[in-house]
Every structure is written in structure tokens, then in C-alpha cells.
2 protein chains.
Amino acid sequence: MSVVPRESPVEGTIAILGGTGDQGLGLALRFCAAGCAVVIGSRKLDRALEAAEHVAKQVRDARVEGRENGDAAAGAAFVILSVPFEHTAGTLKAIRDRLAPGQIVVSMGVPLATAVGDAASRMIGVWQGSCAELVESLAPEGVHTVSAFQNVSAHRLQAIPEPVECDVVVSGAKEPRTRVMELCALVPGLRAVDGGPLANARIVEAMTALLIGMNIRYRVSEGIGIRFTGIPEP
Amino acid sequence: MSVVPRESPVEGTIAILGGTGDQGLGLALRFCAAGCAVVIGSRKLDRALEAAEHVAKQVRDARVEGRENGDAAAGAAFVILSVPFEHTAGTLKAIRDRLAPGQIVVSMGVPLATAVGDAASRMIGVWQGSCAELVESLAPEGVHTVSAFQNVSAHRLQAIPEPVECDVVVSGAKEPRTRVMELCALVPGLRAVDGGPLANARIVEAMTALLIGMNIRYRVSEGIGIRFTGIPEP
């Protein structure tokens, strides 16, 4: 762990719960490379510390720490939930009393049918409509839920310094959505696309299952990505 | 109408039911430009003839005819259903006794919530799972159903001679799916992506609602498109 006084491009820390997994670790690497202060969360402190050490080795002057999930989430500007869908509700319930109004919880889970022993190219139905809306239903009042990062390949995220080359559809209420879109812009090759209201996560999450099926059919281990064409430059 | 003896790149005719609408007309123009024999279908013969005349004026040596839906579908190699979702079942029921085993019906409908007076950026639930699966449930035995073309902008299709620049996710059983993928390849800038089994149309159809919302938010009248990255060249 190396914490340097370099100015972060975002105010506050980015907590990544489940940051020891492939995709969470990839995001940690990218946000550290962008100069952000990242806290990797895990249910087990030693796993979190280990992941933070891994990031610190890969990114020069990385501002990264490892903590237990609740300690990671407390006070963070962004709390990214990077846990398998079936652990989303449990993880959130375990840390919800550590959250405070104004924080942004980022849902990146996908209700893949693997949660019930079926294929990763299929989905299960979620009562609230999507993983993101499930998260919103469990988040304390005043905490904003934003959906993002579902379709970003872990392989591409970890392949620093190559640009990720992927669009991220960001959904949620306007102000927190805009802040998460700004977060995406810190990662080279990652473009945020305005995905409108949170309920649109139903579609974005399902696109992951479609991409997983394509990865299998086309035998693309690094992960097929999505680009939207015709969006005007900002 | 001008029918010339030029060799078609596909065997048999392509019937486009609802070919008088924006998207159907766009497909008719493109397939005629590729040298295919196209039959534009409509509930009303005079509208079909009018649309065929329009295509014949725009595409040199176009092999295009206008017929009533049932007459258009009879004997066609491909029957593309380009009618609004709420007319899909009715159109199919009206022509189903004109279909024969071996024909391929292409579903391009999307269950947008406009069917019940709500917004085009939202979806309604379909009992069978998707418009394509509804079509399959109504098609006679031996007729293959394939899902395609949902996300292709009508504006881009009609903008001949510019390439369409859009990926088309094609879903269905392997053999008919492959044949529809070959059909896509005839249109410049249209790339077919293997979308696996027909049930994946649930996801592809929903993507249309997401794109419509994006078109509104980004004020893109010509339509935002989708490209998948990382798919190996054939």
C-alpha cells in the first residue's frame, strides 16, 4: 500500500466491495491508475489487504487500501458493488447501517441464471425488475443508486495500460448518474453513455447475458464489448 | 416495377410484410440494391404497389413487386414481419395458411410500451418471452422463425448509398439463423452477429427500447446504432 499526496480527480474515495474478484480488481487498477483513492472491500480483511497489495504492485503511486466491506463503504463517495448477483442483497444488508445520505451506490450485478444453477447466457427474473432496482430497494434513504459497469470485460479492465475500448451505459437519477459518468471518463477507452432512469438497468443487465453467449459462440476469451454509434461528441 | 433477369444473390424472393413502413421500406431498398427479388406486402394492395414503385424509382433495375400480405408471403424464401408489434399476431394469423415448411419468417418486432399507450423507451411483457417467440408460437410447423433487424435505424437504411453501419443480432435455430446472417451481409455496413437461440430475442428486442431512450436524450434523429467489439473477422 502506498498512499501519496497526489491530487485525486474525484472528491472522496471509491470503495469497491467484492474488489477481490476479477472485475472489481480491474476497476480498482483503473481507478488507481487515474489517481483516485480506492478502498478495496471484502468480507475477509486479509483478502482485501492482499488485493490492495496486488494493485499497489501494478500501479505506481497507487492510493489503495484494503478493508472489510463495512469499513470500506463508510464515508466513501462511491460504493461499487462488485459481488456476484446472489450475494448483492446480503452484502448490502450487512453494510447498510454504514451508509449515509449523499453516497452513491453503484450496482454492477447481473441476475445471471447461474445463481440458480442454469447457464450464464440466461437471466433470472428479479422482483424489483433488475439487480440495480433491488439495490435501490435496500439502500437507506438519501443514498443514490446508479447502475453501471455490467458489460465491461474484466480481462480488458486488467490489461493495463491498454485502453478498455468499451461503452458503459449509466442509469439512475440525473445528478448521481452524471457523477458516475464522470467517473467512467477517468478510465482510458471507457465511454459513459447516458442510460436514463435506473429501471433501464433491466435491459443493460440482460445485455451481459447476451454478450456472455456471444463470447462462447465466437470463442472470445477477452470478452466482446459494446459500442454505440452515432452519439454526438460532448 | 422493373424486373430484370439479373442473378439474385439469394435463392427465392424476400417478402417484406409491412414493407410500406419506414423500416420495411428501408430493408426493401437495401435488398433491391443488393440485387435480390423483393416483394413488398401490405394489407392493402394499392399501398404495396405504391411502395414498390417508390423503390423502383430509387434503385436501378430493382426487382420489386407489391402484393397483398398473403400473396407476398406465399412461396417467398424469407418472410420479414415489419409491422408494429401490436399487429404482429394478427398479420401472422391472417397469412399463416399461405406459409409452407422450409420458409423462414423473420421477426423484427419489438414489444414497446407504445402498444398500451406508454413510452417507446419502455417494454411490455410478452407471454412467450418476446415478439420473436410469439411469432414462433403462431407459425406453422416446419416454418422457421428467426429474430433480426430490430435495432437497425430506418433512417440509416433509407440513406442509400451510405453504408448502414450497424450490427444486427440474429437469433434462432442454427441453419435458418445462418441463412438470415448471410442476408444481412448483402447490405453494405450491416454486420450480422450470431445471437444464439431464439429466446435471446428477449434481450435484443429490449435493446431497441434502450436505444430509443438514448436517441431522445442525445437528440439523435438518425438513430443511435450498436456495434460489438472484439468479434473475430470471419
Strands (runs of 3 or more DSSP E) lying entirely in segment B:33-149 (those with 2 or more residues that are among the acidic types (Asp, Glu)): B:63-68
Failed condition for B:Thr178, given (1) open to solvent by less than 10 Å² (accessible area, probe 1.4 Å); (2) without any contact (Cβ under 8 Å) to a residue 12 or more places away in the chain; (3) not hydrophobic (A, V, I, L, M, F, W, C): (1)
Tally of residues being open to solvent by 10 Å² or more (accessible area, probe 1.4 Å) and of a type in the set (A, V, I, L, M, F, W, C) across segment A:16-50: 6
Answer from A:Leu190, A:Leu157, A:Leu81, A:Leu186 - the residue that is open to solvent by 20 Å² or more (accessible area, probe 1.4 Å) and in contact with a helix residue (DSSP H, G or I) (Cβ under 9 Å, 6 or more places away or on another chain): A:Leu186
Checking B:Ser171 against (1) facing another protein chain (nearest Cβ under 10 Å); (2) among the polar types (S, T, N, Q); (3) part of a helix (DSSP H, G or I), the condition it does not meet: (3)
Number of positions in segment A:94-127 that are β-branched (Val, Ile, Thr), within 14 Å of chain B (Cβ to nearest Cβ) and open to solvent by 30 Å² or more (accessible area, probe 1.4 Å): 1
Every residue from segment A:187-201 that is assigned to a helix (DSSP H, G or I) and more than 7 Å from chain B (Cβ to nearest Cβ): A:Leu198, A:Ala199, A:Ala201
Restricting segment A:215-229 to residues that are more than 7 Å from chain B (Cβ to nearest Cβ) and at pLDDT 95 or above, the residue that is nearest to B:Ala173 (Cα to Cα): A:Ile216
Selection status of B:Val204, facing chain A (nearest Cβ under 8 Å), within 22 Å of B:Ala139 (Cα to Cα), within 14 Å of the chain's Cα centre (by Cα) and surrounded by 23 or more Cβ atoms within 10 Å (Cβ to Cβ): yes
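The values are calculated or read from the model by the stated rules, or taken from the named source; none is laboratory data. As the structure is a prediction and not an experimental result, all values here were calculated from the model. No Cβ is skipped: glycine too gets one built from the backbone with ideal geometry, and neighbour counts run over all protein chains shown. Accessible surface is based on the protein model in full, side chains and every heavy atom, while ligands, DNA and RNA are left aside. Shrake-Rupley method; radii C 1.70, N 1.55, O 1.52, S 1.80 Å.
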